[in-house]
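**Q** The structure that follows is given in the form of structure tokens.
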């Protein structure tokens, strides 16, 4: 029955776009009102489905950027030859409808009672679910120490920069800019590698909990380096976006 | 085409199995490696969705959806859940 969400069953529903906000030149945050939203966990995603006039459907997953308890917001990066993202970043306006289902996922999620310290590694738009985790940590009053290492092409490509620079207590943010650095940049200027992780990541003996999200090649390299340095494989959570862009 | 991972098929699996599946343990029928669904390699741009073992590259699961019906092939798995 349409509109009757059975527990556990995932149903497509029409969400209303409340606002579209520019984060960077190619990234938008889309706030949506979902009529039957059961609440979500930090790190979960939704599936979005677009249907064209011929009935052809294209489906993609997008991470939820907001914390549990906040209105649902998705942050979407435009993939130039993508089937779905250019519509979401360029065409969508407040008041439009959007077909989605969710929340989805139980692996790449964080709860305040999870042990720490917390290591967050983001490649490009891989920051999106990690931002939900950071906001959830702050809103829940958690004091677990956090280190975020965020790899972006340029400073202009850093999503949520104002929010990340206005960081909460016991949250450290380190950037690496892989393609272009502003004049006077003293931070990292290369892809994440074992030497960088040795400097930034919590030592393995602290049994850190790690979340690694971004393009597949980024996640493979970073998560393997963490495990080789002694991180417990079961405590290194990974989410791969595919593609090559953004980090 | 780069693989994504099993997080990306959380919605598809929930539609097929009726519950959250990304933390479900799988065992590869070829090499015997155990992994959670979220850790498997997923090729979503094949005709249908192909899930492979990251260790030995064997095909574990195939999903093909047409007209709201999903065909599921789990032949590559020794165990699911």
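The values are calculated or read from the model by the stated rules, or taken from the named source; none is laboratory data. The shown structure was predicted, so the numbers you read here are calculated from the model rather than taken from an experiment. No Cβ is skipped: glycine too gets one built from the backbone with ideal geometry, and neighbour counts run over all protein chains shown.
**Q** Given (1) under 10 Å from the mean Cα position of the chain (by Cα); (2) part of a strand (DSSP E or B); (3) closer than 26 Å to residue A:43 by Cα, where does residue B:72 come up short, assuming only one miss?
**A** (3) is the only condition that residue B:72 fails.
**Q** For region A:173-183, which positions are touching a residue at least 12 places away in the same chain (Cβ under 8 Å) and loosely packed, with under 12 Cβ neighbours inside 10 Å?
**A** Going through region A:173-183, the residues touching a residue at least 12 places away in the same chain (Cβ under 8 Å) turn out to be A:173-182.
A:179, A:182 - these are the residues of region A:173-183 that are touching a residue at least 12 places away in the same chain (Cβ under 8 Å) and loosely packed, with under 12 Cβ neighbours inside 10 Å.
**Q** Please go through region A:85-110 and pick out each residue that is assigned to a loop (DSSP other than H, G, I, E, B), within 14 Å of chain B (Cβ to nearest Cβ) and out of contact with any helix residue (DSSP H, G or I) (no Cβ under 8 Å at 6 or more places or on another chain). Give the derivation first.
**A** Applying the first criterion (assigned to a loop (DSSP other than H, G, I, E, B)) to region A:85-110 yields A:92-96, A:105-109.
Those left that are additionally within 14 Å of chain B (Cβ to nearest Cβ): A:105-109.
Scanning region A:85-110 gives a single hit, A:109.
**Q** Let me ask another. Inside region A:211-240, can you point out the residues that are in contact with a helix residue (DSSP H, G or I) (Cβ under 6 Å, 6 or more places away or on another chain) and either more than 14 Å from every other protein chain (Cβ to nearest Cβ) or assigned to a loop (DSSP other than H, G, I, E, B) (or both)?
**A** If the condition is that a residue be in contact with a helix residue (DSSP H, G or I) (Cβ under 6 Å, 6 or more places away or on another chain) and either more than 14 Å from every other protein chain (Cβ to nearest Cβ) or assigned to a loop (DSSP other than H, G, I, E, B) (or both), then A:225, A:229, A:230, A:231 are the ones that fit.
**Q** Continuing with this model, one more query. Report, by residue number, each residue of region A:48-70 that is within 22 Å of residue B:4 (Cα to Cα) and more than 14 Å from the chain's Cα centre (by Cα).
**A** Matches in region A:48-70: A:48, A:49, A:50, A:57, A:58, A:59, A:60.
**Q** Yes or no: region A:193-208 includes at least one residue that is outside any helix (DSSP H, G or I), over 21 Å from residue A:27 (Cβ atoms), touching a helix residue (DSSP H, G or I) at 6+ places or on another chain (Cβ under 6 Å) and away from chain B (no Cβ under 14 Å).
**A** Residues of region A:193-208 outside any helix (DSSP H, G or I): A:193, A:201-203, A:207-208.
Then drop every residue that is not over 21 Å from residue A:27 (Cβ atoms), which leaves A:193, A:201-203, A:207-208.
Among the residues that remain, those that are also touching a helix residue (DSSP H, G or I) at 6+ places or on another chain (Cβ under 6 Å) are: none.
No.
**Q** Ok, one more. Please enumerate the residues belonging to region B:25-40 that are within 14 Å of chain A (Cβ to nearest Cβ) and outside any loop (DSSP other than H, G, I, E, B). Quick ask: steps written out before the conclusion?
**A** Residues of region B:25-40 that are within 14 Å of chain A (Cβ to nearest Cβ), as a first pass: B:25-26, B:33-40.
Correct list: B:25, B:26, B:34, B:35, B:36, B:37, B:38, B:39.
**Q** Which members of region B:44-63 meet the condition of being within 14 Å of chain A (Cβ to nearest Cβ), more than 9 Å from the chain's Cα centre (by Cα) and either outside any loop (DSSP other than H, G, I, E, B) or modelled with pLDDT of 95 or more (or both)?
**A** As a first pass, look at region B:44-63 and keep what is within 14 Å of chain A (Cβ to nearest Cβ): B:44-46, B:48-52, B:54-55, B:63.
So of that shortlist, the ones also more than 9 Å from the chain's Cα centre (by Cα) come out as B:44-46, B:48, B:54-55.
Within region B:44-63, B:54, B:55 qualify.
**Q** Here's something else I'd like to know. How about region A:43-73: which of its residues are crowded, with 21+ Cβ neighbours inside 10 Å and within 14 Å of chain B (Cβ to nearest Cβ)?
**A** Matches in region A:43-73: A:43, A:44, A:45, A:46, A:47, A:48, A:61, A:62, A:63, A:64.
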